[in-house]
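Step one of this worksheet: look at the structure below.
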Amino acid sequence: MNPTLRRLSRDPKALIGFTILLVATLSAIFAPMLFPRDPWAMATRPFLPPFEDPEFWLGTDMLGRDIFAGLAYRARMSLIVGLASTVAAVVIGIVIGALAGYFGGWIDDVLMRVTEFFQTIPTFVFALLMVAILSPSMLSIIIAICIVSWPPVARLVRSEVASLRNRDFVRAATVLGESHGRIIVAQILPNTLSPVIAMASLMVASAILTEAAISFLGLGDPNRMSWGYMIGASRTVIRQAWWMSFFPGLVILLVVLALNLLGEALNDAFNPRLARRGRR
Amino acid sequence: MTRLTRRSVLKATAAGVLAGILPAAVRAQGADGGSMNIIAFPEPPTLFIGLDQNGSTQTVAGKIYESLLTFDFDFNPQPGLATSWEMSEDGLVYTFNLVQNATWHDGTPFTAHDVVFTCRDFLMEVHPRARVIFGNCETIEALDDHTVRFTLKQPFGPFLMGFEMSTAPMIPAHLYEGTDYRTNPNNDTPVGTGPFKLAEWSRGQFIRLERNPDYHGEGQPHLEELVFPILPDAGARAVALEQGQVQQSQFFDIELFDVPRLAELPHLDLISRGYEFYAPVARIEFNNRVAPFDDVRFRKAVNYALDRQLFADAIFFGLGVPATGPISKRTRFYSDDVTTYDYNLEQAEALLDEMGLTPDGDGVRTTVSFLRLPWGETWARFAEMVQQQLGQIGIRVEIEPSDPASWTQRYANWDFQMTSNYPYQFGDPALGVARFFISSNIRQGVAYSNCTGYSNPQVDALFEKSAHGVTDEERQAAYTEVQQILTDEVPMAWLVEVDFPTLLDTRYEDVIVSAIGTNETYRKAKLAAE
């Protein structure tokens, strides 16, 4: 087994994180089989408290919709937004960071000034503004989160690429006549991936939180509810029905915690200093 | 980045809570005569009722300004600034005798000249709703200082309803005549004839009205002062009421789900009377121009698929009853002799089948959009409920979010398929209902006109006939027929007759005494003897 994977599998943090994520992902995928009823349809009486009716363990919301089923179905929106926006942000970040780090000079200056421009705007307010302008939908939320979260990736990749730029194996490749594009893709990028992967898992967590916050403030996609949307919609009835916002909140907490644990574990696993200690 | 996001959310939440802290200056006082704290939400942009008739402006300014009449719960006219009035047999001449001893808050006597100025000049220029009424007048003249005569071009059934406070608030001629009404400096210092006058307005904090000692009503008003704390946060409003810092809330001040809880508190009464003049019907407006809404079978199918009782119970928390048609039971000339649409999914599906709209592999027959009303959660849930219910018969509903500006713009320009709404009816179908159905009022760019594009010459003729009928019998006959046609052609789906809740401290009495309820003068309101 790959030593990194082996270290990862021995790390309890990674195991806990991975298990929680697996459960969340599976329930998102298999929700229609677990809860054949339409999660939008009124299932029973509204404001049903949890742990009263075995058929509706987590109770119902103000329109009588099953909260348990809702959590499973809405995991899709939250996870899709988290993953899609992170993938997009990582791609943008890698492209910009790699170009800036590899070529340096004025290209670096231009790209980094652009990156700093995005970094100086408060991210959440910027995301909120973009969703408001683009009109709330799943796509606009993904775009907004992506646009506010690529700059750190770009900076990370740039510094990694810049430090690898003058290593011997890169020079050797240059001497062998490989093109710039091939050198970046085949020689340099594979060596920068581990910190990027660790960072990406944390970015998914923060994207899920950002989406929840956007939805909480009422700018979520009304046709594809997410966990944050559930909390936002139930916030005002919290004195009558704590469970409507508590359970989605708990789920967000668990998933974000899981992603953070996994991210840290990945970081540890990729970290060469810890790696040596592990081998001793 | 994770941390920053979390912090932003916390900040947003904290700001919401802190915004609701009540200014200490507005606590209830047990002084002689007593005072009353009433929620003002949102803060009125102005107290000059002549130029602004927003909800909260009416609630505050209704204590400062008066009209000639007010109306009991059954719309029988009651004396205001007029002590008596009569209509000629042919319905063309109305004569009002005014109170003799009324003065404006600056001491100038109130006379017939003020009435003539208000109805003939002022309102005709600035008040669209009043223009509909006083546009019927041939002449408006003062016979002497305390007698006014209105002569109409043709009979106009709801004419007397025009003398409600927000429709025809009396404006002081000596301050406004010959000026530019919109920029008149007196707009900031309201001068009315009402039982209370403005004492202090601390912007963003509270408005304080004090007793008008020269009020024309003998021994009135009873209360020494009225204070209107500005409470922008819904949670803070509920707490203020719960803890006795304010003694009254009205309209949708309190979120509907909080109303049952607060109504059970021993020191609060829930009163649903006093909104007869407004009596809105929560409804879905279809854009009758676009497919599939141009087909009456589709509109009927939607009507059958909506469980009105469920809307009343789950969306309005029981503060409302299922509606049967365009006119509320509380408005004049309601008829129950109409086509009704009981919740019936088979019938709805049969109609869709007949249209050839058959379900595809996912059970979807067609996809339509719903422009969500941007006025808070009740209407967001309303949209979700429509989506859920129509989904049952295979109509997939895409909810389109909107903000107030974009909603108004899209609604006024017919850029929607379905949207919800709950306009006031103003006591008489000629004032509050006809405007949505007559084809002469299909005006692109004007919100609250006939935005559905419904057009039926017969309906036009009936509304015309009933507005200009003289006796209530002939008006009722025409309105019954209109309601039958409209419920058969269903240009809209009428769902719930909404009851606004007034929550009132039990120590006060004679507060809600008319069809305009909390917008009334409160000349009779008093603390009960203990």
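Some observations on this one:
- Neighbour counting of Cβ atoms within 10 Å sorts the residues B:Met170, B:Met124, fewest neighbours leading, into B:Met124, B:Met170.
- Assuming charge only on the beta carbon of Lys and Arg (+1) and of Asp and Glu (-1), the dipole of the stretch B:69-176 about its Cα centre is about 280 debye to the nearest 20.
- With a Förster radius of 35 Å applied to the C-beta separation of B:Phe73 and B:Asn101, the computed FRET efficiency comes to 0.80.
- With Cα atoms defining each centre, the stretch B:296-337 and the stretch B:84-135 are spaced 37 Å apart in the structure.
- The relative contact order of the stretch B:281-498 comes to 34 percent, based on Cα pairs under 8 Å that sit 6 or more residues apart.
- Taking every C-alpha pair closer than 8 Å and separated by at least 6 residues, the mean separation divided by the residue count of chain A gives a relative contact order of 25 percent.
- Per-residue mean of foreign Cβ neighbours for A:39-49 is 3 (Cβ atoms of other chains, 10 Å radius).
- Given +1 at the Cβ of Lys and Arg, -1 at the Cβ of Asp and Glu and no other charges, the dipole of the stretch B:281-498 around its Cα centre is 560 debye to the nearest 20.
- Distance between modelled label sites at B:Asp144 and B:Tyr343, nm, 7 Å Cα→Cβ extension: 6.4
- Sorted by Cβ density within 10 Å, fewest first, the residues B:Thr193, B:Thr46: B:Thr46, B:Thr193
- Whichever lysines have a C-alpha closer than 20 Å to that of B:Lys63, once near sequence neighbours (fewer than 8 apart) are set aside: B:Lys197, B:Lys524, B:Lys526
- Note on B:Arg182 and B:Lys153: with the Förster distance fixed at 35 Å, the Cβ-Cβ geometry gives a FRET efficiency of about 0.80.
- With a simple spin-label model that places each label point 7 Å from the Cα along the Cα-to-Cβ direction, the separation between B:Thr506 and A:Ile197 comes to 6.9 nm.
- 5 angstrom amide H check on B:Gly320, placed H, neighbours 5+ away: B:Asp499
- For the listed peptides B:83-94, B:251-262, a ranking on the average number of other beta carbons within 10 Å per residue, highest first, reads B:251-262, B:83-94.
- Among the trypsin sites (Lys or Arg not before Pro) in the stretch B:175-228, those placed in a DSSP loop whose Cβ has at most 10 other Cβ atoms within 10 Å are B:Arg203.
- Counting only other chain Cβ atoms within 10 Å of each residue's Cβ, the peptide B:376-384 averages 3.
- Compared with the dominant Cα axis of chain A, that is its longest principal axis, helix A:105-120 is turned about 20°.
- For the stretch B:69-176, average projected area of the Cα convex hull in nm²: 6.6
- Remark on B:Glu398: its backbone amide H falls under 5 Å from those of B:Val368, B:Ser369, B:Phe370, a criterion applied only to residues 5 or more positions apart or on other chains, H modelled at 1.01 Å from N.
- Karplus-derived 3J(HN,Hα) values for the stretch B:277-285, using 6.51 cos²θ - 1.76 cosθ + 1.60 with θ = phi - 60°, are 5, 9, 5, x, 10, 5, 8, 10, 9 Hz; glycine and proline are entered as x.
- The stretch B:378-451, relative contact order [Cα under 8 Å, separation at least 6], %: 26
- Choice from A:Val131, A:Val23, A:Val157 with maximal GNM fluctuation in chain A (Cα, 10 Å cutoff): A:Val23
- Peptide A:213-223 - average C-beta neighbours from other chains (10 Å radius): 4
- Highest GNM mean-square fluctuation among A:Gly105, A:Gly228, A:Gly93, for chain A modelled with Cα contacts below 10 Å: A:Gly105.
- GNM flexibility winner over chain A from A:Arg239, A:Arg165, A:Arg45 (Cα, springs under 10 Å): A:Arg239
- Placing a label point 7 Å from the Cα of A:Arg167 along the Cα-to-Cβ direction, the residues of the stretch A:188-216 with a backbone N closer than 15 Å are A:188-196.
- For the stretch A:90-160 and the stretch A:216-234, distance of Cα centres in Å: 25
- Part-to-part distance (alpha-carbon centres) for the stretch B:447-522 and the stretch B:161-187, which is given in Å: 27
- Linear extension gain, A:Leu22 paired with A:Arg37, 0.36 nm per residue minus alpha-carbon span: 3.1 nm
Rule-based calculations on the coordinates, nothing more; no lab input. None of these values were measured; they are calculated from a predicted model. Cβ coordinates were reconstructed from backbone atoms using ideal geometry, including for glycine residues, and neighbour counts include every protein chain displayed.
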